[in-house]
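This report concerns only the one structure given below.
The values are calculated or read from the model by the stated rules, or taken from the named source; none is laboratory data. It should be emphasised that the depicted structure is a prediction, and the values quoted were computed from it without experimental measurement. Cβ atoms come from the backbone with ideal geometry, glycine included; neighbour counts cover every protein chain shown.
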Amino acid sequence: MGPQSPLSGTRKPLFAHKSWANEELFAVLAALPPEPLRRIEPCLRTLHHVYMVDRIFRAHFAAEPRPYDAANATQAPDLVWLRQAVAETDAWYEKHGVPAPDAAAAQDHLDWRRS
């Protein structure tokens, strides 16, 4: 991300809020005793899916190779690993943001919603 794609005043607090919400959620999950962790596997898979999508978009924004071929994994990841991976990705988005869409891209989006 270079100067041509500044992080708008609106998006910066949103990324910070997402980071805060993720950390709060992972703190609650980490405080659970081991037995309930097996019961929250669907939650971990969902959080992993969100992480994978964030990383795919990051790769597109940063012109990097796509890190995943799909946005879903077959198994839930380890909670400790996922918490760290999400925190690192959230920090990247807080630092770099996403490029502001150009007028044509914004119009394409609006046209799609009208159909």
Residue 61 fails exactly one of (1) modelled with pLDDT under 90; (2) over 22 Å from residue 16 (Cβ atoms); (3) not in a loop (DSSP other than H, G, I, E, B), namely (2)
Can you pull out the residues in the range 73-115 that are surrounded by 10 or more Cβ atoms within 10 Å (Cβ to Cβ), at pLDDT 80 or above and either part of a loop (DSSP other than H, G, I, E, B) or charged (D, E, K, R) (or both)?
73, 76, 77, 78, 83, 88, 90, 94, 95
Please go through the range 21-43 and pick out each residue that is under 12 Å from residue 86 (Cα atoms) and surrounded by 12 or more Cβ atoms within 10 Å (Cβ to Cβ).
22, 23, 25, 26
